[in-house]
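Here's the structure, in structure tokens; my notes come after.
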Amino acid sequence: MISFEQALNRLANYCSRAERCVSDVRQKLEAWEIAKGDQDKIIRRLQQEKFLDESRYCRAFVNDKSKYARWGAYKIKYALKKKQIPDELIRESVENLDPAENREQLRRLIEQKRELIKGKNELEVRQKLIRFAVGRGFVLEEVESVLFKHESI
């Protein structure tokens, strides 16, 4: 077991290397068997000293998952919900996604996947593409629109 000050210093270092959310920090504290009261004090202190900021974390998460992992809005929302981010922050952060950029990303994602998918016929290939894109968190109507608008995909 580690002391209050050791935990605070380790977590300040942990939070300074990358954006973290309260649930990430709380997991660490629970693994180190820090008392619940001390956990709350450490989290408040990290927030006061700007090591921990849920809003900043949420914006960075949405940006990274959208641009680099190529996730759609639904998958991003679900992942943030699992991290116990408040609904208001999730909604604000996801609303900032550029719809045109998101649609173009979906189109490129489908094109790339289309080259890898095998199927008995075109219907089966399209079904696999739809399942893939919806699994990535994109809206079904948007996926169908991209698929059926670009018959060459």
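Coordinate-derived values only; no laboratory data. Note that the structure is a prediction, hence the values are computed from the model and not measured. Cβ sites come from the backbone with ideal geometry, for glycine too, and all protein chains shown count toward neighbours.
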TODO: Report which label in (i) 41, 15, 12; (ii) 30, 19, 13; (iii) 35, 16, 14 holds the value of semi-axes √(5λ) of the Cα gyration tensor in Å derived from the coordinates of this structure.
DONE: (i)
- [ ] Could you sort out which of Lys28/Lys83; Lys82/Lys128; Lys82/Lys118; Lys118/Lys149; Lys75/Lys118; Lys65/Lys149 sit more than 23 Å apart by Cα distance in this structure?
- [x] Lys82/Lys128; Lys82/Lys118; Lys75/Lys118; Lys65/Lys149
Task: Residues with amide H under 5 Å from that of Arg20, placed H, sequence gap 5 or more - done: Asp53
TODO: Could you work out the relative contact order of region 24-147, using alpha carbon pairs under 8 angstrom and six or more residues apart, expressed as a whole percent?
DONE: 25
Task: Farthest toward positive dipole pole in region 15-78 [+1 Lys/Arg, -1 Asp/Glu at C-beta], among Ser23, Tyr78, Gly37 - done: Tyr78
Open item on the list: If you average the C-alpha positions of region 45-65 and of region 114-146 separately, how far apart do those two centres end up, in angstrom?
Closed with: 34
Task: Of Leu80, Leu89, Leu140, the one that fluctuates the most in a GNM where the chain has Cα springs shorter than 10 Å - done: Leu140
Open item on the list: Could you derive backbone 3J(HN,Hα) for region 67-81 from the dihedral phi with the Karplus parameters 6.51, -1.76 and 1.60 (θ = phi - 60°), listing whole Hz in sequence and x where the residue is Gly or Pro?
Closed with: 7, 9, 8, 6, 8, x, 4, 5, 5, 5, 4, 4, 5, 5, 4
Open item on the list: For a quick check of your reading of the filter: which GluC sites (Glu not before Pro) in region 95-153 sit in a DSSP loop and have no more than 12 other Cβ atoms within 10 Å?
Closed with: Glu151
- [ ] Quickly estimate the mean residue ellipticity at 222 nm for the chain, helices only: each DSSP H run with n ≥ 4 gives -39500 (n - 2.57), and the total goes over all residues, rounded to 500.
- [x] -23000 deg cm²/dmol
